[in-house]
């Protein structure tokens, strides 16, 4: 969220938040960036919590029950940005995310942002995309509200 705060992101983008959990990143994008958000997760039990948080924040979020590997090029078409926060938690997720990102780029998604505290599947993904023209691997640190650091893969651009 801090990274997005510092970018010049135009309002009204269509953003897909994959592995959304309770949807906090997507809700942030809808509320702060004026984005049209679709939040995707394989666990349908997260959606009541997402809906509750969206209501509290007075934003509308579209939800989709789908695993990371189940999203098709057709599902991804029409989105400007694909975001995923803290989605590299299992060793087998790097190849799944690589295929998802490649499908997103094939579907003409303009920018992909994946953030993680810095686990091995993220580094595997970062190593693959570091060879791509237009991909950036960044360390990101914040001091407030709590001192934290993490990593971001940014592929493509919208600003």
Residue list for the range 43-73, restricted to those being within 19 Å of residue 97 (Cβ to Cβ), in contact with a helix residue (DSSP H, G or I) (Cβ under 9 Å, 6 or more places away or on another chain) and not in a loop (DSSP other than H, G, I, E, B)
64, 65, 68, 69, 73
Which ones in the range 23-42 are in a loop (DSSP other than H, G, I, E, B), out of contact with any strand residue (DSSP E or B) (no Cβ under 6 Å at 6 or more places or on another chain) and under 13 Å from residue 65 (Cα atoms)?
42
Being more than 19 Å from residue 132 (Cβ to Cβ) and crowded, with 20+ Cβ neighbours inside 10 Å is the requirement here; does residue 27 meet it?
yes
Among the residues of the range 74-109, write down those that are within 21 Å of residue 158 (Cβ to Cβ), over 13 Å from the mean Cα position of the chain (by Cα) and assigned to a loop (DSSP other than H, G, I, E, B).
77, 78, 107, 108
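Conditions (1) exposed (fewer than 13 other Cβ atoms within 10 Å of the Cβ); (2) without any contact (Cβ under 8 Å) to a residue 12 or more places away in the chain; (3) in contact with a strand residue (DSSP E or B) (Cβ under 8 Å, 6 or more places away or on another chain), marked per residue:
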| residue | (1), (2), (3) |
| --- | --- |
| 63 | no, no, yes |
| 81 | no, no, yes |
| 94 | no, no, no |
| 116 | no, no, yes |
| 128 | no, no, no |
| 139 | yes, no, yes |
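Read-outs throughout are calculated quantities, based only on the coordinates presented, and are distinct from any laboratory measurement. The model shown is predicted, which means the values in this text are computed figures rather than measured ones. All Cβ positions, even for glycine, are placed from backbone atoms using ideal geometry, and neighbour counts span all protein chains on display.
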